[in-house]
Amino acid sequence: MKIDNPFESGHIKNYLLLYASIVVIMILFFIASSFFNDIEDVTTKVFSTEKKKSEDKAKADEVVKETTPKFKLLDKAY
C-alpha cells in the first residue's frame with residue numbers, strides 16, 4: 001500500500017479546509033461565550049472593626065470544658 005503525498009495529490013486543500021473550519025468554530029464559540037456572559041457588579045463587603053466583649057471568651061472556656069476526654073488513658077503502656 002502506497003501513501004500518496006498530500007502536497008502532490010491535491011488533498012492538501014481538504015486539510016486546509018478542515019483546519020480553517022476548526023479555527024472558525026473556535027472563534028464563534030469564543031464570541032458567543034463572551035457575548036452571552038454578562039458580568040454582574042460585585043458588592044464589596046464591609047467588616048466590623050469593633051472588638052467583641054469578654055462574653056465570647058466565657059463561651060470558649062465552656063467549649064474547652066466540653067471537649068475534655070471522657071476516658072482516662074493508662075499511665076503505662078503494655
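The values are calculated or read from the model by the stated rules, or taken from the named source; none is laboratory data. All values reported here derive from a predicted model rather than from experimental measurement. Note: areas computed on protein heavy atoms with side chains; ligands, DNA, RNA excluded. Shrake-Rupley method; radii C 1.70, N 1.55, O 1.52, S 1.80 Å.
Can you pull out the residues in the stretch 32-66 that are open to solvent by 100 Å² or more (accessible area, probe 1.4 Å) and modelled with pLDDT under 70?
Passing the criteria: Lys52, Lys53, Glu55, Lys57, Lys59, Glu62, Lys65, Glu66.
Quick check on Phe29: is it modelled with pLDDT of 90 or more, outside any loop (DSSP other than H, G, I, E, B) and of a type outside the set (Lys, Arg)?
yes
Filter the stretch 1-24 down to the residues that are open to solvent by less than 90 Å² (accessible area, probe 1.4 Å) and outside any loop (DSSP other than H, G, I, E, B) and list them by number.
Pro6, Ser9, Ile12, Asn14, Ala20, Ser21, Ile22, Val23, Val24
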